[in-house]
Amino acid sequence: FRLLCRKYGSNLAWTPMIHCKCFQEKEVYRKKFFNLVKGTPQQDRPLIAQLCGSDLELVLKTAKQLEPFVDGIDLNCGCPQSIAKRGNYGAFLLEQPHVLLPLVQSLVTAVHLPISVKVRILPTGIHDSLQLYQQLVHAGISLLSIHGRNRLQKGPLTGQADWSIVQKAVTAFPTIPILANGSMSNLQEIRACLEYTKCDGVMCSEALLEYPPVYLESISSSSSSPQHERIGPGRLQICQEYLQLAQEYPPNVGGQGSGIKCLKAHVHRFLHKDLQIYTEIRNGVCASTTLEDLMRVVQELEILHQRDNHQVKDEQLSWYVRHGVKEEMERKKLKAYKLELQKKQEDAPSLVECRDEGAELGCAMFEEQDDHGDY
């Protein structure tokens, strides 16, 4: 996947988040995430190893093992998921400076590579966040990546990233590069972020997972519609190129992830919209047990695209905006429910006046469901 992203303009890549405790204690996990004999192909450089953990000894040991094979070590302090809370890492470390700062200082001292940290905004706000970032800079980090959301902003509560904190950090910490992260899904938005924040670069994650050519001119800027025309490669082409790379670099060999599960996860994101339209393709992807199975399913999708006169220019991001789409659906459902209640009241004036419980019931009926397996 990283090689595919590099083909389409990414010039720096991070590994998946490597759990230091698992990396040290479980050989299967270690082999899944990195080849400590051969490293990674030269075309997959520069590469930064992204670590998570709070145990100083385990983090340092993992960093030293990876040091010969990568170009930098990054401590993830951005993951907001509940598993990060249980493991005491990610964004939850930001609220424990007594743990975080000695960990970063030790990495800077012990590892002969640039040390970077990925952060979010603290729940207590921008002022406290900037004070913490300043301490990280004083600890000796070489790069700071800022996601303009706090750890509570996830899933349906994700919302728009706040680029103002990146702008403030750029002004406050001129001695190190600052990367912005959040609310960028195409080159136009990236340019807007760079212009507003004056940062040194941008980091993309979820948009890139669905459409790796994010950094290229992939949408038309002349359209007056809020939905731009796609002028870059189509999602089917992207998926096919990914599977071709998977033939050359099998995902179950040499630190390439979890085999077929890794492949299917990427295919689901590339083809998210198609899997909602063509249930037979969705079922085929789910049932695939080999790379060859996935390639056959994708060939079937290509035939369906030809049959239905599929136009690449009409493609829009789907998986990336899944939460926003759901929020809009909830609003529409709730509005329809309220209208239905109103009509019933008009048709039956003798009924007791409806109170706010109706709206509360509507929210309960249509509240967000588990996102696992979302297509």
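Every number in this text was worked out from the coordinates using simple rules, so none of it is lab data. Every value quoted in this text rests on a predicted model; they were computed, and no experiment measured them. Cβ: placed from backbone, ideal geometry, glycine included. Neighbour counts: every protein chain shown.
Take the residue pairs Lys64/Lys198; Lys38/Lys154; Lys26/Lys264; Lys64/Lys154; Lys21/Lys168 and return only those whose Cα atoms are more than 26 Å apart.
Lys64/Lys198; Lys38/Lys154; Lys64/Lys154; Lys21/Lys168
Expressed as cubic angstrom per residue, what is the convex hull volume of the alpha carbon set of the stretch 228-276?
Numbers: hull volume 4.0 nm³, N = 49.
Spelled out: Cα convex hull of the stretch 228-276, divided by residues, is 82 Å³.
Can you tell me the order of 63-74, 2-13, 278-289, 206-217 when each peptide is scored by its average per-residue count of other Cβ atoms within 10 angstrom, highest first?
Numbers: 63-74: 19.0, 2-13: 17.2, 278-289: 15.1, 206-217: 21.0.
Those peptides, ordered most packed to least, come out 206-217, 63-74, 2-13, 278-289.
With a sphere of radius 15 Å drawn around the Cβ of Gln188, what net charge do the other residues whose Cβ falls strictly inside it have (Lys, Arg +1; Asp, Glu -1)?
-2
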